[in-house]
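For reference, the structure discussed in these notes is given below.
The values are calculated or read from the model by the stated rules, or taken from the named source; none is laboratory data. It should be emphasised that the depicted structure is a prediction, and the values quoted were computed from it without experimental measurement. Using ideal geometry, Cβ is built from the backbone for each residue, glycine included, and neighbour counts are taken over all protein chains shown.
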Amino acid sequence: MASVCVDPTYFDVGDDGRLTMVLGSADLRDILYFKTPGTETFRKADYQWLSRIFVQVQAAGGGAAGARASAGQLVAQPGGSGGGYSERLIDVSALGATESIVIGTAGAAGTATVDGGDGGGSSFGGLCTALGGNGGAVVMPSGATPMCLSGTSGPLNGIGDMSQGGGPGGGSFRINGNEGHSGEGGESRLGHGGWQRASSGAGGGARGYGGGAAGALARDGDTVNGIAGAQGIVIVWLFA
């Protein structure tokens, strides 16, 4: 009868002579990307070889408000904040048969009279969570006198081995009825906030995942709508 020599760190020979891999001894097998906002389901039984997972959870960024200026006046709004981020290494024994995955929806664009929407949180069950960014508010009234406004606070930490809140949305200012600056969008771990404006128009859109939208600027009778933040994402690394 043939015989083989195996390393017991990686392989096990059963009583029936079958050679099997020791769970937890191998490396990365697959990466799952959940990019569509909403809810998905992770089923442990779909991966019989699974020993542990590494989860990255990025929440969505906040949207920004629009702006409306009277003739000869200017309005500049702050930016929305970036979404929070968390990550966690999870042993297969800590997983339920199924785990709900939530991918945060981007914070909605505001209008000249409506605040930007808050970004949706992202999560992998209750094991790893991140909070969505806050929307930029309609805070600056139309005018031609100097005004300086604070930015938009970022969300707090979620749950994970490492967790952080999103970056704050930038504040805005007005020098006179023709000059001013809107606030930039907040940064996120997996994305960037939108760029701020010094001319009339909507703020810049976020890039990547979780960035906040920049605030709008309007002058001399213009009315401008805001812009949405960036959506979230959940990434699951599968190890044998």
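Going by the conditions given, is Ser163 at pLDDT 95 or above and surrounded by 24 or more Cβ atoms within 10 Å (Cβ to Cβ)? Show your work before the answer.
Values: at pLDDT 95 or above: yes; surrounded by 24 or more Cβ atoms within 10 Å (Cβ to Cβ): no.
The answer is no for Ser163.
Name the residues in the stretch 145-176 that are part of a loop (DSSP other than H, G, I, E, B), more than 23 Å from Ser188 (Cα to Cα) and touching a strand residue (DSSP E or B) at 6+ places or on another chain (Cβ under 7 Å), would you?
Going residue by residue through the stretch 145-176, those that are part of a loop (DSSP other than H, G, I, E, B) are 145-146, 150-151, 153-158, 160-161, 165-168, 170-171, 175-176.
When the remaining residues are screened for being more than 23 Å from Ser188 (Cα to Cα), the result is 145-146, 175-176.
Result: Pro146, single match.
Of the residues in the stretch 205-240, how many are within 30 Å of Asp91 (Cα to Cα), part of a strand (DSSP E or B) and among the hydrophobic types (A, V, I, L, M, F, W, C)?
7
Residue by residue, here is whether (1) farther than 23 Å from Gly154 by Cα; (2) out of contact with any Pro (no Cβ under 9 Å at 6 or more places or on another chain); (3) not hydrophobic (A, V, I, L, M, F, W, C) holds:
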site	(1), (2), (3)
Gly61	no, yes, yes
Ala65	no, no, no
Ala69	yes, yes, no
Gly79	no, no, yes
Gly84	no, no, yes
Glu87	no, yes, yes
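Could you grab the pairs with beta carbons closer than 9 Å, sequence gap of 6+ or different chains, first residue in the stretch 126-137 and free of Cβ contacts under 8 Å to residues at least 40 places away in the same chain, second one of a type in the set (Asp, Glu) and assigned to a strand (DSSP E or B)?
Partner pairs satisfying both residue conditions: Gly126/Glu99.
Could you tell me whether any residue of the stretch 57-72 is out of contact with any strand residue (DSSP E or B) (no Cβ under 9 Å at 6 or more places or on another chain), crowded, with 18+ Cβ neighbours inside 10 Å and modelled with pLDDT of 95 or more?
Initial filter on the stretch 57-72 (out of contact with any strand residue (DSSP E or B) (no Cβ under 9 Å at 6 or more places or on another chain)): 63, 65, 71.
Subsequent filtering for residues that are crowded, with 18+ Cβ neighbours inside 10 Å retains 63, 65.
Checking which are modelled with pLDDT of 95 or more leaves us with 63, 65.
Looking through the stretch 57-72, at least one residue is out of contact with any strand residue (DSSP E or B) (no Cβ under 9 Å at 6 or more places or on another chain), crowded, with 18+ Cβ neighbours inside 10 Å and modelled with pLDDT of 95 or more.
All but one of (1) under 21 Å from Gln196 (Cβ atoms); (2) crowded, with 24+ Cβ neighbours inside 10 Å; (3) of a type outside the set (D, E, K, R); (4) touching a strand residue (DSSP E or B) at 6+ places or on another chain (Cβ under 9 Å) hold for Ser123, so report the exception by its number.
(1)
Which of the residues belonging to the stretch 183-204 are within 25 Å of Leu156 (Cβ to Cβ) and outside any strand (DSSP E or B)? Even if it seems obvious, please write down each step before you answer.
First, the residues of the stretch 183-204 that are within 25 Å of Leu156 (Cβ to Cβ): 183-194, 196, 203.
Within the stretch 183-204, Gly183, Glu184, Gly185, Gly186, Glu187, Arg189, Leu190, Gly193, Gly194, Gln196, Gly203 meet the criteria.
Could you please find all residues in the stretch 191-217 being within 19 Å of Gly180 (Cα to Cα) and among the aromatic types (Phe, Trp, Tyr)?
Across the stretch 191-217, the qualifying residue is only Trp195.
Take the stretch 169-215 and flag every residue that is surrounded by fewer than 24 Cβ atoms within 10 Å (Cβ to Cβ) and on the phi > 0 side of the Ramachandran plot.
Gly201, Gly208
Specify the residue that is modelled with the lowest pLDDT; the eligible residues are those in the stretch 1-47 that are of a type in the set (D, E, K, R) and surrounded by 11 or more Cβ atoms within 10 Å (Cβ to Cβ).
Here is the first cut: in the stretch 1-47, the ones of a type in the set (D, E, K, R) are 7, 12, 15-16, 18, 27, 29-30, 35, 40, 43-44, 46.
Remaining after also requiring surrounded by 11 or more Cβ atoms within 10 Å (Cβ to Cβ): 12, 29-30, 35, 40, 43-44.
On the way: Asp12: 68, Arg29: 97, Asp30: 97, Lys35: 98, Glu40: 98, Arg43: 98, Lys44: 98.
By that ranking, first place goes to Asp12.
Quick check: anything in the stretch 216-236 within 18 Å of the chain's Cα centre (by Cα) and surrounded by fewer than 20 Cβ atoms within 10 Å (Cβ to Cβ)? Spell out the reasoning first.
Going residue by residue through the stretch 216-236, those that are within 18 Å of the chain's Cα centre (by Cα) are 227-236.
Next cut, surrounded by fewer than 20 Cβ atoms within 10 Å (Cβ to Cβ) only: 235.
Scanning the stretch 216-236, I find at least one residue that is within 18 Å of the chain's Cα centre (by Cα) and surrounded by fewer than 20 Cβ atoms within 10 Å (Cβ to Cβ), so the answer is yes.
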